[in-house]
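Notes follow once the structure below has been shown.
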Amino acid sequence: MELNARIPEGPLETKWQRYRSTLRLVSPANKRKFDVIVVGSGLAGASAAATLAELGYNVSCFCFQDSPRRAHSIAAQGGINAAKNYQNDGDSVWRLFHDTIKGGDFRAREANVYRLAEVSVNIIDQCVAQGVPFAREYGGMLANRSFGGAQVSRTFYARGQTGQQLLIGAYQALERMVGAGAVKMYSRHEMLDLVVVDGRARGIVTRDLVTGEIKSHAAHAVVLATGGYGNIFYLSTNAKGCNVTAAFRAWRKGAGFANPCFTQIHPTCIPQSGDYQSKLTLMSESLRNDGRCWVPLRAGDTRAPNDIPEAERDYYLERKYPSFGNLAPRDIASRAAKEVCDEGRGVGPGGRGVYLDFKSAIERLGEAKIAERYGNLFEMYERITGENPYKVPMRIYPAVHYTMGGLWVDYNLMSTLPGLHVLGEANFSDHGANRLGASALMQGLADGYFVIPYTIGDYLAQGGFGKVDTTHPAFVDAERECRDRLQTLLDIGGTRSVDSFHRELGALLWDKCGMARTRDGLQEALRRIPELRAEFWRDVRVLGSASTLNQSLEKAGRVADFLEFAELMCRDALAREESCGGHFRLEYQTPDGEALRDDDNFAHVAVWEYRGPDQEPGRHIEPLVFENVKLATRSYK
Ligand SMILES: Cc1cc2nc3c(=O)[nH]c(=O)nc-3n(C[C@H](O)[C@H](O)[C@H](O)COP(=O)(O)OP(=O)(O)OC[C@H]3O[C@@H](n4cnc5c(N)ncnc54)[C@H](O)[C@@H]3O)c2cc1C
């Protein structure tokens, strides 16, 4: 597998500008001769589909939700970063670049991250022009708040609904193109396979989730913007529908999968309340602007929080990381929470919780100001827990939130499979081993609005596309395989529900490949996952038929893929014998419990190659070269 990152020559600051001007172009009259499939209508997919259609390409866009604007991006709460420096607090493109590289524990590509920081400023202008109602200061300037891993305020937001407002902006741009006939929108369609002809991605096979119809779609290029796979853990802050199927199927067709074990654990989620809970709820990182994390000083202290005097509280983040305090990055804040809970100082049922307390902010700013900033989040918390966070501190605990791993892409956002481009959370991303808060929305929109519109033209302009339509044997075979697989799932007629397998897999992964990982634990998971998978294919019970709406069948297909992909995650975590960002191997830590990187042996992206059903996947590496930042031990102290 060749891993040519295609990083342009020249100084970091001018790479993208110069490169853009050298990319091949497709003339306006020829653009309509090219068909492009975009799978996904979240921020990455909707922005890409709208922009490509606006440029003149024939676009087909797919999502499994009933409307493109129900993509998971709608859930994003806290905000989106951009180096506008409106606060005049010392921000710059360079600083955003540096914070992102450092936040990712030096496991991302310099050139891509710099470009991300550079176009961040354009994103805000684009969204404002679309009418996205960002919060504003009294004088009319856009407001900012702070997020973890930064000492400047660069996060633009729309109360606690930033993703929703940004998605409405992208969605209306998309719908405009649907109305103009430039995009054909396929809602409630799930991509089940990628079709490769002569070594190039030439189409997909989908299932109409309402009628069950299996159908092929051919194109000159395929763009996957299918989101992250955190839902593999069963309990996560992701929407229940999030899955790995599109990316995993593309992997099996030849696209390299990068750093699959890099998972982000978010420190501030509502703790699990029971064994049969189906998902977890995020409490936005923005809350750490004003909320203070603490636990009782003494282990086993069961007093109500308001009865514990100041002197008997441990504001552990402020104590351990005085320069960043409660705004320490997510991986660090999550581990710190786990550590105090492991010491027996956790609060709430089972001792798996810490307090996020707004008392001093309310005293300083007043309840109205806090409600103005976070009102909808406070209301959501109260509805779920029955506790009023204006009166008693929130209880929070880390949970799976985002996946930095994804399909490997070069500087053009093209995978190792020519013609297959990957955007947003689905690619292996610019976030290295840990994503900073408010950077996912930035990346998805950078990819969709500002990168792919240039780079896909370069690919299409190469030409050499033979005439391929859906009668090609590659499509016929892929369709047949999809049908057979669904029928096999229905025919098993076993005794266990799909959910019971998913829950068991999730618990195993959380235990062995979650916040802390060890060689023994990962080896044990690698033994157990194939057993669980075999049990699934022997004993799962999927009711109904393939020719109607059948959510149980949809879920079964996704869980079947999770059961294979889980193995790749564990293999990757086992092979990376260091700790970095969210990948914390207990064997590799500093004396004070921080992640201990091994730059000599692991300053690289690990890219996995599929080699066949019963073959071990191959591990390749893309060395990461740091010419502009100094590889240093991260310090937020
Ligand atoms: C609760 C929560 C809050 C967050 N808050 C923030 C925040 O404040 N700031 C921030 O920067 N990030 C935040 N994030 C992360 C961010 O929301 C996501 O990383 C980002 O929205 C992903 O966008 P995307 O376009 O890549 O994918 P998604 O929005 O997940 O969209 C995926 C699309 O792909 C489609 N799809 C997937 N598989 C298939 C298939 N097989 N066939 C057809 N269609 C398919 C789906 O239908 C959907 O349209 C948050 C995440 C969560 C979970």
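The values are calculated or read from the model by the stated rules, or taken from the named source; none is laboratory data. What you are looking at is a predicted structure, and each value in this text was computed from that prediction instead of being measured. Because the Cβ atoms are built from the backbone with ideal geometry, glycine has one as well, and the counts that use them run over all protein chains shown.
Some points to look at:
- Single residue of the stretch 237-249 satisfying the filter (touching a strand residue (DSSP E or B) at 6+ places or on another chain (Cβ under 6 Å) and more than 14 Å from residue 405 (Cβ to Cβ)) that is surrounded by the most Cβ atoms within 10 Å (Cβ to Cβ): 246
- Residue in the stretch 131-140 that is hydroxyl-bearing (Ser, Thr, Tyr), within 23 Å of residue 283 (Cβ to Cβ) and either surrounded by fewer than 24 Cβ atoms within 10 Å (Cβ to Cβ) or out of contact with any strand residue (DSSP E or B) (no Cβ under 6 Å at 6 or more places or on another chain) (or both) present: no
- Considering the conditions (1) of a type outside the set (Lys, Arg); (2) crowded, with 21+ Cβ neighbours inside 10 Å; (3) modelled with pLDDT of 95 or more; (4) over 12 Å from residue 222 (Cβ atoms), residue 77 is excluded by exactly one of them, (3).
- Hits in the stretch 32-61 - residues which are farther than 22 Å from residue 446 by Cβ and touching a strand residue (DSSP E or B) at 6+ places or on another chain (Cβ under 7 Å): 32, 34, 35, 58, 60
- Against the conditions (1) surrounded by fewer than 24 Cβ atoms within 10 Å (Cβ to Cβ); (2) closer than 23 Å to residue 401 by Cα, residue 54 satisfies every one except (2).
- Whenever a residue of the stretch 338-356 is free of Cβ contacts under 8 Å to residues at least 60 places away in the same chain and at positive phi, it has no partner that is buried (at least 20 other Cβ atoms within 10 Å of the Cβ) and in a strand (DSSP E or B) lying with C-beta atoms less than 7 angstrom away and at least six residues away or across chains.
- Every residue from the stretch 132-141 that is more than 16 Å from the ligand (Cβ to nearest atom) and touching a residue at least 12 places away in the same chain (Cβ under 8 Å): 141
Rundown of residues vs (1) within 22 Å of the chain's Cα centre (by Cα); (2) of a type outside the set (Ser, Thr, Tyr); (3) within 25 Å of residue 603 (Cβ to Cβ), yes/no style:
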site	(1), (2), (3)
90	no, yes, no
100	yes, no, yes
107	yes, yes, yes
138	no, no, no
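- Every residue from the stretch 464-515 that is within 20 Å of residue 262 (Cβ to Cβ) and surrounded by fewer than 17 Cβ atoms within 10 Å (Cβ to Cβ): 511
- Filter result for residue 157 (of a type in the set (Ser, Thr, Tyr), buried (at least 20 other Cβ atoms within 10 Å of the Cβ) and away from the ligand (no atom under 12 Å from the Cβ)): no
- Residue 447 being among the charged types (D, E, K, R) and over 18 Å from residue 403 (Cβ atoms): no
- Selected residue (criterion: farthest from the ligand (Cβ to nearest atom)) from residues of the stretch 425-437 that are closer than 27 Å to residue 277 by Cβ and assigned to a loop (DSSP other than H, G, I, E, B): 434
- Leading residue by the ranking (nearest to the ligand (Cβ to nearest atom)) among those in the stretch 179-199 that are surrounded by 19 or more Cβ atoms within 10 Å (Cβ to Cβ) and not aliphatic (A, V, I, L, M): 190
- Among the residues of the stretch 447-506, those identified as part of a helix (DSSP H, G or I), over 17 Å from residue 543 (Cβ atoms) and among the β-branched types (Val, Ile, Thr) are 451, 452, 455, 456, 476.
- Unique match (being surrounded by fewer than 22 Cβ atoms within 10 Å (Cβ to Cβ) and of a type in the set (Val, Ile, Thr)) among 113, 93: 93
- All of (1) away from the ligand (no atom under 16 Å from the Cβ); (2) more than 20 Å from the chain's Cα centre (by Cα); (3) surrounded by 20 or more Cβ atoms within 10 Å (Cβ to Cβ); (4) not polar (S, T, N, Q) hold for residue 3 with one exception: (3).
- Residue count, the stretch 603-616 (criterion: touching a residue at least 60 places away in the same chain (Cβ under 8 Å) and either assigned to a loop (DSSP other than H, G, I, E, B) or of a type in the set (A, V, I, L, M, F, W, C) (or both)): 6
- In the stretch 546-596, the qualifying residues are those that are among the acidic types (Asp, Glu) and under 22 Å from residue 241 (Cβ atoms), and the one that is surrounded by the fewest Cβ atoms within 10 Å (Cβ to Cβ) is 564.
- Of the strands (runs of 3 or more DSSP E) that lie entirely inside the stretch 352-424, those containing 1 or more residues that are farther than 30 Å from residue 16 by Cα and basic (Lys, Arg) span 394-403.
- Scanning the stretch 528-544 for residues that are closer than 15 Å to residue 492 by Cα, surrounded by fewer than 13 Cβ atoms within 10 Å (Cβ to Cβ) and not hydrophobic (A, V, I, L, M, F, W, C) yields a single hit, 538.
- Residue in the stretch 325-332 that is in contact with a His (Cβ under 9 Å, 6 or more places away or on another chain), under 30 Å from residue 102 (Cβ atoms) and not hydroxyl-bearing (Ser, Thr, Tyr) present: yes
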